[in-house]
Amino acid sequence: MHATREALLHHLGKAESGLSGERLASLLGISRTAVWKHVHALQAEGLDIRAERGSGYCLKNDVLVASLLAERLEGQRIGCRCLVLPEVDSTNSELMRMATDGEDPAPGGTVLLAERQTRGRGRLQRNWLTTAQYSLAMSVLLRPPLAPTEVAQLPLLTAVAVQQALAPIAPLVIKWPNDILCKGRKLAGILTEMRAEPGAVHSVVIGIGINVRPPEGGWPDELAAIAGDLDSVSGRTLRRMDVATAVLQRLDALYHDYLEHGFDSVRAAWWQAHAACGKPVRVHHGTGYIDGIAEALDADGALLLRTASGLTRVIAGDLELRGAE
Ligand code: BTN
């Protein structure tokens, strides 16, 4: 039953236009009556599947389908296993649990997406809002042959991957350390977590949250002035599967190039996409702020600021652009 449901969603999600009951029956190896029953079951779950004259069954929702994502990422290392959960506390937490499951640990390259996160987490112990059908919450498990100190390069690499993958959709910039912005509004964020011991990295989970459209009823008050979404900036209605595919394909390509050739080209691409190269910024940290000119990114992701007292290395905080965009 579950396999047929998934296969039905796979074919409906893949079809450019509709699929007739007869075509679906032959693809799924079941009768037309069984197709009809499965379509009704999906409609009862709340999915908008319409039987349109001439074209057949059409899926109107923007649904995440694990098997379809796996098919699109076939041959890549990132995406060798794809999973979609309807709800989870946090895709990062769940994937880290899967990575360390003694019986059957998830392999490097596993990708986990969820429709809803009940405890989505952001940088600096903040919450991250994920709404079904509107956002993408995905985490990628890597088992990189890196020293623990080099892992700080991976969120920067991921920011470049997101920025480059979505560049054809919208003109995006990166804001240190790895926020993705368009016209001053944050569209995506990255949270990287690691399990390691001195000298050895066991698992790295890279969590990527992307706002594809605003939640129904709009953003909550605290986000209304700062959050943005891809549909609004592109003027299109995007499919989350397409957004996820583009980001994961770019991430796979950049990651393997980085393992082969090192951080230099990532650092150059990051700097080129950064909203504030050579411009005045203020970095807020726990106890205050530092003003300076953003001068460079160093090899472990710290921002080098030219301040009144010389060059200062900033490792964490919130960067405020001061007339920099
Ligand atoms: C940030 O604060 O900018 C980082 C946000 C990261 C959110 C993503 S959504 C998928 C993954 N699961 C989480 O709990 N967080 C990350």
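Arrange the peptides 152-158, 19-25 so that the one whose residues have, on average, the most other Cβ atoms within 10 Å appears first.
Taking the mean over residues of other Cβ atoms within 10 Å, the ranking is 152-158, 19-25.
Give the distance, in whole Å, between the Cα centre of segment 31-89 and the Cα centre of segment 95-158.
Each part's Cα centre sits 23 Å from the other's.
Any idea what % of Cα-Cα pairs in the chain are farther than 34 Å?
Tail of the P(r) past 34 Å holds 28 percent of the pairs.
Given only helices, namely DSSP H runs of n ≥ 4 each adding -39500 (n - 2.57), what is the per-residue ellipticity at 222 nm of the chain, to the nearest 500 deg cm²/dmol? Kindly include the intermediate steps, with their values, before the conclusion.
Values: 9 runs with 101 residues, N = 325.
Mean residue ellipticity at 222 nm (helix-derived): -9500 deg cm²/dmol.
So if we plug the beta-carbon distance of Leu223 and Asp291 into 1/(1 + (r/R0)^6) with R0 = 22 Å, what FRET efficiency do we get, rounded to 0.05? Intermediate results must be reported in sequence, preceding the final value.
Values: r = 26 Å, r/R0 = 1.18.
Taking R0 as 22 Å, the efficiency between Leu223 and Asp291 is 0.25.
Evaluate the Kirkwood expression for the hydrodynamic radius of segment 215-325, namely the inverse of the mean inverse distance over all pairs of different C-alpha atoms, and round to one decimal in Å.
Working: mean 1/r = 0.0593 Å⁻¹.
About 16.9 Å for segment 215-325.
May I ask you to compute the full-extension gain from Arg322 to Ala41, defined as 0.36 nm times their residue separation minus their alpha-carbon distance, rounded to one decimal in nm? Please report the intermediate quantities before stating the final value.
On the way: separation 281, 0.36 × 281 = 101.16 nm, distance 5.35 nm.
So the chain would gain 95.8 nm between Arg322 and Ala41.
Quick one: compute the contact order of segment 1-84, relative version, from alpha carbon pairs under 8 angstrom and 6+ residues apart, as a percent.
Details: 90 pairs, mean separation 24.2, N = 84.
Answer for segment 1-84 is 29 percent.
State, as an integer percentage, the relative contact order of segment 42-98 based on alpha-carbon contacts under 8 Å between residues 6 or more apart. Please list the in-between numbers first.
On the way: 37 pairs, mean separation 10.6, N = 57.
That works out to 19 percent.
Return the percentage of antiparallel bridges among DSSP beta bridges fully within segment 1-120, rounded to the nearest 5 %. Please report the intermediate quantities before stating the final value.
On the way: 5 of 12 bridges.
Bridges in segment 1-120 that DSSP calls antiparallel: roughly 40 percent.
Take peptides 187-196, 203-212 and line them up by average Cβ neighbours within 10 Å, highest first, as a rough protection proxy. It would help to have the intermediate numbers written out before the result.
Numbers: 187-196: 20.9, 203-212: 25.3.
In descending order of packing, they fall as 203-212, 187-196.
With a cut-off of 8 Å between alpha carbons and a minimum separation of six or more residues, what is the relative contact order of the chain in percent?
Details: 616 pairs, mean separation 43.4, N = 325.
Reported as a whole number, the value is 13 percent.
Cα to Cα, under 12 Å, and not fewer than 8 places away if on the same chain: which aspartates and glutamates meet these conditions relative to Lys186?
Asp229
Values in this text are rule-based calculations from the coordinates and carry no lab data. Source: prediction; values computed, not measured. Glycine also receives a Cβ, built like all others from the backbone with ideal geometry; neighbour counts cover every protein chain displayed.
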